[in-house]
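**Student:** Supplied in structure tokens, the structure appears directly below.
The values are calculated or read from the model by the stated rules, or taken from the named source; none is laboratory data. Just so it is clear, the model here is predicted, and its values are computed rather than measured. Here the Cβ positions follow ideal geometry from the backbone for every residue, glycine too, while neighbour counts run over all protein chains shown. The protein model used for the area step is the full one, side chains on, heavy atoms only, and it has no ligands, DNA or RNA in it. Shrake-Rupley method; radii C 1.70, N 1.55, O 1.52, S 1.80 Å.
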Amino acid sequence: MNTRKLLFFLLGILVSLSSAFAQVQPAITKVNVPPASDRQPLSISVDLSRSSEIRKIVIWYRSFGESEFNELEMLLAGRSASVTLPAEVVIPPYIEYYIEATLESGPETYPLENPQANPLQISVKQSDPKDEEIRILTPEPGETSAAEDFVVAVSLYFASDNVDRTKTRIILDGVDVSKDAILSDDVVLYNPKNFNRPLNLGAHFLKVELRDSTGATYHSREITFNLSTATAIAEEKARLRAIGNGQLEFRNENLSTGGATYLRGDFRVDATYSILNGGASVHVDNQEKPDRQPQNRFLGYLETDFLRLQVGDAFPKFPSYIVSGKRVRGVSGNLMLGIFNVDASFGQTERFIEGTLADRDTIFADSSAVNARPRTSVHVGGSDTLAYYRYRLFNGGMYTRSFLAVRPSFGNGENYQLGFTYMKAKDDVGSIKYGFDPAPSENFVVGTDLLLAADDQRLKFETQASLTLTNTDISGGNFTDAEKDSIEASTGTKKAMLNLAEKIITVNENLFPTNPVGSGLPGLAGEAVLSLNYFNNFLRAVAYHRGAAYKSFGSEFLQTDLRGFQVSDYIRLFSNRVLTSLSFEQKSDNTANTKEVKTKFSNFNGSIAVNPGVNLPTFQLGYGQFGRAADNDSRTKEFLLKRNDPDSSSAKSADEKTSRYLVAASYDFVSGIRHLASVSFSLADRKDNTFKKQNQQNMFIQTSVTSNFTTMPLQTIVSILYSKNTNDVQTFYTDSVKLNQDSALTKTDFNYTMVTLGGTLRMLNDDLRLAASISPAFGAFNRVNFQFGAEYTYALRHNFLFQADYIQNAGIGDDTIISLIYRFNF
């Protein structure tokens, strides 16, 4: 009873605090990240304070040892957005990321300030590397094998020297059959037919146990498999089998900024017939509109062991400097013969969006004014014989962009592969009437890549290099013959060479770079990566160059005009109870010396994670330092001289260091009931050593306790998030009267606290779950989020989810969000 009174008392305090005066509320208020495991897809969602202003929201992420952030667009659904990171990027020890939202008023990030230097981290749980020492060749996990041909084969080639291979135990369905197994050249073989031990058809269990020289257990692996007859397996393969699933979503929002209703549907079906696999997926959305890029998506595929064909919205894979994360609506395919392979994709990456005319005409008084009129205007009246000309301004649309990429390669990619890539992307000038903002463009890229690997890819070398040409305005077409003759006369460039270049890309005055392999290699990009995975160390070294004029329409977010290197090491100690990571990167811009100053960047990260064992808490400590420094800048020096500033001799436009600290711990324990407690502290402290003195400090503290009751099917959660952000803003006087006056230093704070109290009650044998929570936020912005949800599962194939949010905002109207989701499978 006292506990209940205390709970209501605390709720009363939180609700009353949340009614305080509010400042401007950030668009992104919270990121929800579940526990991450090695090589498992990771779903991430964010809570939004106002979705009506958001046009696009993306997550920028990078795995440990990578220098560049990769982009994935998040699915926006009302006051939340979600995305799933692919399994191949979820690798220990952590992933760094930040969120970027495109608002009507401009971009906003989470964290708010300097996110590239101060990204958030997701710890990734390490899978046991000892699993790699036991390679179960047959049967494969979950496989259905023919009983007539069944045999157990286990490779110990990668087992540690601490393992006594002769003491390996083979346990089949709980029976130790090791004495009947044969060890031959690091392979353990067991055939039950040789020992008159027939196995029943159906499900079976296999355990392989390694022991050291003393006979103590070193490591073990367990799998399940099925046995059937060869005839039944052949009949099953010859039969058409199909499975599918789908989801329908209704969401209604009644917000202080307006209302909206969202209707979405997702459907997927996969089928197998003999050696063929195929399927299709469809996403339909009532937000599909002609003034947006496609919201409805569809994809069909058909594949065999050596061929894969996709039709619809695909994300083809090519070398990352040429194509990365680009959606192509068209046809994509892969021919995989091992010795020779071909990857190809053809279609559209952008569909046309017509520009819009202004409401009023603009009158130009004479021809000189007409010639000077904005490019984004169209002639709607008047003529050269009249004294006036009428034009109408317009907002430029988006051209249809065609895309073609082809990559033949040699080698299966396990130990060797050599590839050559051709990519061409071109805007269709006639696809829209009102364009030129930006102008129609064309891009051409060729490249090569090489992979060499040995020792089951423990030693691996990868490299890629590509060359690019871009034309920023193809509306005027190629040079005329007269212009080519003039160019040949003035520069010596042969007309025949220009004619040859036209077969590759539109050639006019907007083509750049004119010499992609000139000083600084402006049109060239390349990298070399060496990785070694030995002695519980994963060492990776990267060197790269990305020219100042390098651009690929298939990898548009690649940061260019950079040259540098990175070294990282991931170290596993004490049977993986201590995991340590170290990385260092150094890079600089101005690769072609086209800028007045060169900016240098240095980045160091180190972390240690300790997992002492069962019933003990885990800990993580991290430290990083991001530095940016530039040479003296003439404009900065001129400004300081005008002010008679004594620091004018050091006129650097950039000179800063950001230190990052991380402390985190979690503890799974029993105290009456089972609890999982976690706490994390992160601090980013930027010191600006230039005359601007724009120092910044961002601090996050988050703690939570999840409790699972044993006397009732109830789970509760209590969490608190505190964010403290301080910025120094230096104001300088530039007018002649106040030029020599001292600058004014002001501090701005943006601090807030979010508390969540929630619970989930399971009923009807877990078929029904009821959840409720209250989440007040107070400080720089104020609101209280009341949430209720119910989830019901019927006959395992149907799932209904209802959720209602009532958000009480301070200073503005309240919000109501109701959603209903139906999921099914067959």
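**Student:** Could you put LYS495, LYS747 in order of accessible surface area, largest first, with the 1.4 Å probe and the full protein assembly present?
**Tutor:** Putting LYS495, LYS747 in descending order of accessible area: LYS747, LYS495.
**Student:** Still on this structure, please answer the following. Sequence gap at least 6, Cα distance under 8 Å: using those rules, report the relative contact order of the stretch 463-513 to the nearest whole percent.
**Tutor:** 57
**Student:** OK, next. Which of the trypsin sites (Lys or Arg not before Pro) found in the stretch 503-583 are in a DSSP loop and have at most 16 neighbouring Cβ atoms, other than their own, within 10 Å?
**Tutor:** Those that pass, being in a loop and sparsely packed, are LYS503, ARG577.
**Student:** Return the label of the correct value of volume of the Cα convex hull per residue in Å³, as calculated from the structure shown, out of (i) 217; (ii) 237; (iii) 161.
**Tutor:** (ii)
**Student:** Sticking with this one: List the lysines whose Cα lies under 26 Å from the Cα of LYS237, skipping any in the same chain that are fewer than 8 positions away.
**Tutor:** LYS193
**Student:** Follow-up. Quick one: putting +1 on the C-beta of Lys and Arg, -1 on the C-beta of Asp and Glu, what dipole do you get for the chain around its Cα centre, in Debye to the nearest 20?
**Tutor:** Details: 83 positive and 93 negative charges, 228 e Å.
Using only the charged Cβ atoms, the result is roughly 1100 debye.
**Student:** Once you have the Cα-Cα distance between ALA795 and ALA489, take 0.36 nm times their residue separation minus that, and quote the gain in nm to one decimal. Write out the running numbers ahead of the final one.
**Tutor:** Working: separation 306, 0.36 × 306 = 110.16 nm, distance 8.09 nm.
Difference between extended and current length: 102.1 nm.
**Student:** Could you pull out every one of the lysines with an alpha carbon less than 23 Å from that of LYS317, ignoring same-chain neighbours closer than 8 positions?
**Tutor:** List returned: LYS326, LYS424, LYS426, LYS460, LYS551.
**Student:** Let me ask something additional. Could you pull the accessible area for LYS692 with a 1.4 Å probe, rounded to 10 Å²?
**Tutor:** For LYS692, solvent-accessible area is about 80 Å².
**Student:** Then there's this: Evaluate E = 1/(1 + (r/R0)^6) for ASP270 and PHE205, where r is the Cβ-Cβ distance and R0 equals 35 Å; express this FRET efficiency to the nearest 0.05.
**Tutor:** On the way: r = 28 Å, r/R0 = 0.79.
About 0.80, to the nearest 0.05.
**Student:** Let me ask something else. When the accessible area of the stretch 511-553 is split by element with a 1.4 Å probe, what percent falls to carbon and sulfur?
**Tutor:** Taking all protein chains in place, the stretch 511-553 shows 67 percent carbon and sulfur surface.
**Student:** For the chain, calculate the relative contact order in percent as a whole number, restricting contacts to Cα pairs under 8 Å that are 6 or more residues apart. Can you show the working numbers first?
**Tutor:** Numbers: 2071 pairs, mean separation 63.7, N = 826.
Taking the mean separation of contacting Cα pairs over the length of the chain, I get 8 percent.
**Student:** Using only protein heavy atoms and a 1.4 Å probe, report how much of LEU796 is accessible, in Å² to the nearest 10.
**Tutor:** Surface accessible to solvent at LEU796 totals approximately 150 Å².
**Student:** What nm value, rounded to one decimal, do you get for the distance between THR480 and GLN293 when each label is placed 7 Å out toward the C-beta?
**Tutor:** The answer from the label model is 3.8 nm.
**Student:** Rounded, prolate or oblate: pick one for the stretch 406-462, where a ≥ b ≥ c are the square roots of the eigenvalues of its C-alpha gyration tensor, a/c under 1.5 means rounded, and failing that, prolate if a/b is larger than b/c, else oblate.
**Tutor:** prolate
**Student:** Please give every one of the lysines within straight-line cross-link reach of LYS693, meaning a C-alpha to C-alpha distance under 27 Å, and leave out same-chain neighbours fewer than 8 residues apart.
**Tutor:** The qualifying lysines are LYS587, LYS595, LYS598, LYS600, LYS637, LYS642, LYS652, LYS657, LYS724, LYS738, LYS747.
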